[in-house]
1. If contacts are Cα pairs under 8 angstrom and at least 6 residues apart, what is the relative contact order of the chain in percent?
2. For 73, 206, what's the fewest-to-most ordering of other Cβ within 10 Å of each Cβ?
3. For the stretch 207-351, what percent of Cα pairs sit more than 25 Å apart?
4. Per the Debye formula with a single identical scatterer at each Cα and no solvent contribution, what log10 I(q)/I(0) holds for the chain at q = 0.07, 0.11, 0.12, 0.14 Å⁻¹?
5. Could you tell me the relative contact order of the stretch 207-351? Use alpha-carbon pairs under 8 Å, at least six residues apart, and round to a whole percent.
6. Could you compute the FRET efficiency for residue 304 and residue 68, with r as their C-beta to C-beta distance and R0 at 51 Å, rounded to 0.05?
7. Given Cα pairs under 8 Å that are at least 6 residues apart, what percent is the relative contact order of the stretch 3-46?
8. Once the mean 1/r over all distinct Cα pairs of the stretch 3-197 is inverted, what Kirkwood radius in angstroms do you read off?
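Values in this text are rule-based calculations from the coordinates and carry no lab data. Every value quoted in this text rests on a predicted model; they were computed, and no experiment measured them. Using ideal geometry, Cβ is built from the backbone for each residue, glycine included, and neighbour counts are taken over all protein chains shown.
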Ligand code: PMV
């Protein structure tokens, strides 16, 4: 599919008003997206676990206006008007307007809230943009009536990507691939798809305990980080490595090879951070507690042989990943050894999830 496939057919009905509500989860990349071209086209393919507990719930109420006029909307975050979120949403609307022309014919009221505290250092852009995109495509479905489910999901993912790249992986569960990759002919730079190959039972109920090492604003925004991959001395090698890791993961997922899974996932996390350390300007996004946690996970794994590993996003927090089969031991270890390294002892127990849900 190309961008043109997401331009709508003429609408056949214009209800006077309505309201839709969606809850969309966050996701955690196993092979990382880091570096992009214009319009959030990724420099390399990625794959992620869809999460469950960390989610955004968004309602969009729509009221028909007289004729067509510039986009108009109100924004409420956790019940209160939120003016400082508006420019980001306005930019998103400007980008997606040609794919959803109805947004100029309605006044929109957006009400959004997160399941996790705003100040937790967990980025809400993936779940937030996914929930908003789903609401908007759902409204379009009311105007167009005929919209197959596969197309619905693809268009929601396509639009979410234009809001925040990794948001395109937050529509469906439980393992999502995004970015053109020769090993998956139906893969696309434009939207995420369900990982199409066999996935062993060992990966079915994976857990992700998110250790909140540093809850403040991220030191470097992801858009600044992506841009640092332009003219980065190691960029091309890194982009190829992502393809190679996807090649390797095919057998890993099929056979339930947790040892090789850990090698790939931890290497991906450290490579993301290595890219930040070797860019110009350069950044260290980890904190001392991030390294303490990583070393404790390595020591624990060496001592117990249990398949517990970590990944990182572009910040200091640590995602501890482990299969259902070691859940009790992993949680005990986290409480005994790792929580002391979290800011105010805070962490979030999440797990792999089934994707976004319509709530109304
Ligand atoms: O979607 P963005 O632009 O916030 O970028 C996300 C980048 C990482 O979280 C670091 C990696 C990924 O693939 O999600």
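1. 24 percent
2. Working: 73 16, 206 20.
Ordered from fewest to most neighbouring Cβ atoms within 10 Å, 73, 206 come out as 73, 206.
3. 32 percent
4. At q = 0.07, 0.11, 0.12, 0.14 Å⁻¹ the computed log10 ratios are -0.30, -0.73, -0.87, -1.17.
5. Value for the stretch 207-351: 44 percent.
6. 0.20
7. It rounds to 24 percent for the stretch 3-46.
8. 16.9 Å
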